[in-house]
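Everything below concerns the one structure shown next.
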């Protein structure tokens, strides 16, 4: 569709994009002013395409779905996929595919329809959850220190390695926490928790804007 | 705060879990044959064990899977974590005596209940005493 989009279709896509409001959009300025470049920065990555998958990864349908997503993770913490489309482990038969917004069918992609086709009539489900969660990116040398104020998991790099994603609690709300690189974390709170978690993280980041007290 | 080792996700805080009540309460084999009292006892009556207790938990913030746990209700010590459908594991004597396990642990897959609603099972009066038990005509398959 993207290649052959008529002007009317392009206008429709633009209208869809213009009408959207991301869950933490109203905090964008606060995120900018609350970030401490080089130490810890917080940004929202809005509108990522997300698809909830339920399928037995050892079944035929699981293999077909895996061929679309670039593999299905086998155990807690695993993330599969290369490049922009990644699949996070939620449970033994439950996964979440995260992709750029352009992968969504309404914006010219084919992620949801490809997955639906791959699953076919077999047991399982493919659900478009793009509006369910938003994405925060917390990065910088003190990103782990911010998370450790609330996360009960061991976030030390010897345990929580880059390329690992877990479902856990931050500030008493359920989130997915994905460590995308050594100093970068992507946090997926539900949309209704985005305001709370955004403000919570801003508050936790505040001390790093001041000189360290000896 | 309990630190519970989810079979899928490893050790996590208790706040990530939800409690599912007593484990191994089997669905009656022929529920239509039960009297109202037996049905009510199946639905609502549970052991109030002081000591080692088999119970169900779900990792609701993580993998959303159910599992069974053998926990001491006095010391909060977690003796064993095992999957759904598996029988209650036998405890070593040392582990069983670690807590105040005075009351008879329910046998695996067996649903016992008080024979009447009388004082024999009144909580607080005789914590060590086991109420008269009667096995109801129900499945012996653990859940």
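The values are calculated or read from the model by the stated rules, or taken from the named source; none is laboratory data. What you see is a predicted model; the values in this text were computed from it and never measured. Neighbour counts run over all protein chains shown; Cβ positions are idealised from the backbone, glycine included.
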Scan the range A:124-163 for residues that are within 18 Å of residue A:57 (Cβ to Cβ) and out of contact with any helix residue (DSSP H, G or I) (no Cβ under 7 Å at 6 or more places or on another chain) and jot them down. A:125, A:127
Say whether the condition of being loosely packed, with under 15 Cβ neighbours inside 10 Å and either touching a residue at least 40 places away in the same chain (Cβ under 8 Å) or within 14 Å of another protein chain (Cβ to nearest Cβ) (or both) is met by at least one residue in the range B:70-77. yes
Filtering the range B:7-51 down to residues that are closer than 18 Å to residue B:72 by Cβ and more than 14 Å from every other protein chain (Cβ to nearest Cβ) yields B:19, B:20, B:21, B:22, B:23, B:24, B:46, B:47, B:48, B:49, B:50, B:51
Name the single residue, out of those in the range A:158-177 being assigned to a loop (DSSP other than H, G, I, E, B) and either away from chain B (no Cβ under 11 Å) or under 26 Å from residue A:72 (Cα atoms) (or both), that is farthest from the chain's Cα centre (by Cα). A:158
Going through (1) part of a loop (DSSP other than H, G, I, E, B); (2) in the same structural domain as residue A:202 (by TED's automatic domain parsing) one by one, residue A:30 fails only at (1)
Output the strands (runs of 3 or more DSSP E) that fall wholly within the range A:73-157 and possess 1 or more residues being under 27 Å from residue A:197 (Cα atoms), within 14 Å of chain B (Cβ to nearest Cβ) and within 16 Å of the chain's Cα centre (by Cα), or say none. A:86-91, A:94-99
Filter the range A:63-72 for residues that are in contact with a strand residue (DSSP E or B) (Cβ under 9 Å, 6 or more places away or on another chain) and not in a loop (DSSP other than H, G, I, E, B); the one that is surrounded by the most Cβ atoms within 10 Å (Cβ to Cβ) is A:65
When the range A:34-58 is examined, which residues are found to be outside any strand (DSSP E or B) and touching a helix residue (DSSP H, G or I) at 6+ places or on another chain (Cβ under 9 Å)? A:34, A:35, A:39, A:46, A:47, A:48, A:55, A:56, A:57
